[in-house]
1. Just to verify a number: FRET efficiency for Asp79 and Arg140, C-beta to C-beta distance, R0 = 35 Å, to 0.05?
2. Given a Förster radius of 41 Å and the C-beta distance between Ala56 and Asp153 as r, what FRET efficiency does 1/(1 + (r/R0)^6) yield to the nearest 0.05?
3. By the gyration tensor of its Cα atoms, with a ≥ b ≥ c the square roots of the eigenvalues, what is the shape of region 66-210: rounded for a/c under 1.5, prolate for a/b over b/c, or oblate?
4. What is the local net charge at Thr187, summed over the other residues whose Cβ is closer than 13 Å to its Cβ (Lys, Arg +1; Asp, Glu -1)?
5. For Trp200, what charge total do you get from the other residues with a beta carbon under 9 Å from its beta carbon, if Lys and Arg give +1 and Asp and Glu give -1?
6. Applying the Karplus parametrisation 6.51 cos²θ - 1.76 cosθ + 1.60 with θ = phi - 60° to the phi angles of region 153-163, what ³J(HN,Hα) value in whole Hz is obtained for each residue in order, glycine and proline being reported as x?
7. Give the relative contact order (percent, whole number) for the chain; include only Cα pairs under 8 Å separated by 6+ residues.
8. Enumerate the amide H contacts of Leu33 below 5 Å, restricted to partners 5 or more residues apart or on another chain; note that Pro and chain-start residues carry no placed amide H.
Amino acid sequence: MRINADFTQRAAVHFNEADWVASPSAGVERKMLDRIGEEVARATTIVRFAPGSAFAAHTHDGGEEFLVLDGVFQDESGDFPKGSYVRNPPTTSHTPSAQEGATILVKLHQFDPADRTEVRRSINAGGDVALFRDAHEDVRIETWAPGEAVEHDASAGIEVFVIEGGFAEADEEFGTWDWLRLPPGSTFNGVAGGAGARVWIKSGHLSGMV
């Protein structure tokens, strides 16, 4: 399976225009943003867990990174409510579930193979939040004021995911839970909407994909 798999091209997915696709686990559905592979894949996905649903125990050979968008996501290490950011590095394993239901943004098989850094952060205090940074990538939350013009270097690629509010880029409007990926060699130029925007940004990580 290949979805938005040409990393030399701009890619965008609007939440309200994408279909939910059933996963192999009952009650778990996905909106696929990009993907290379089948059930074991390099993937960026919005995953929705119905109340009481779960995935079987599994190991993340390529690492797992997720942001809880709604509800409470759970595994053996505890509960992760809305606003939780988690990095489970390569070789870690867990049994995810959501007794009350949850929706997450998750990225799989995208870690540096040597990365063993675990991260557990909350973004609920508001404002800008530095989530993770190393030689390979920079992950952060940014809050943009209404009408603010924002420019970011995307020389090694960038992804922008809207948590709240919205922005415009290249004459395209992005709202809550919409996603944009720009290829290496780009510059992100966006303008926050009338309500401002709070966004999750990952940059510096796509040069090896082109």
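1. For R0 = 35 Å, the calculated efficiency reads 0.90.
2. After rounding to 0.05, the efficiency reads 0.50.
3. oblate
4. Taking every other residue near Thr187 into account, the sum is -2.
5. +1
6. With coefficients 6.51, -1.76 and 1.60, one gets 5, 10, 4, 10, x, 8, 10, 10, 10, 7, 8 Hz.
7. Computed value for the chain: 19 percent relative contact order.
8. Hits under the 5 Å cutoff: Thr44, Thr45, Ile46.
The values are calculated or read from the model by the stated rules, or taken from the named source; none is laboratory data. It should be emphasised that the depicted structure is a prediction, and the values quoted were computed from it without experimental measurement. Cβ atoms come from the backbone with ideal geometry, glycine included; neighbour counts cover every protein chain shown. Heads up: the accessible areas ignore ligands, DNA and RNA and are worked out on the full protein's heavy atoms, side chains in. Shrake-Rupley method; radii C 1.70, N 1.55, O 1.52, S 1.80 Å.
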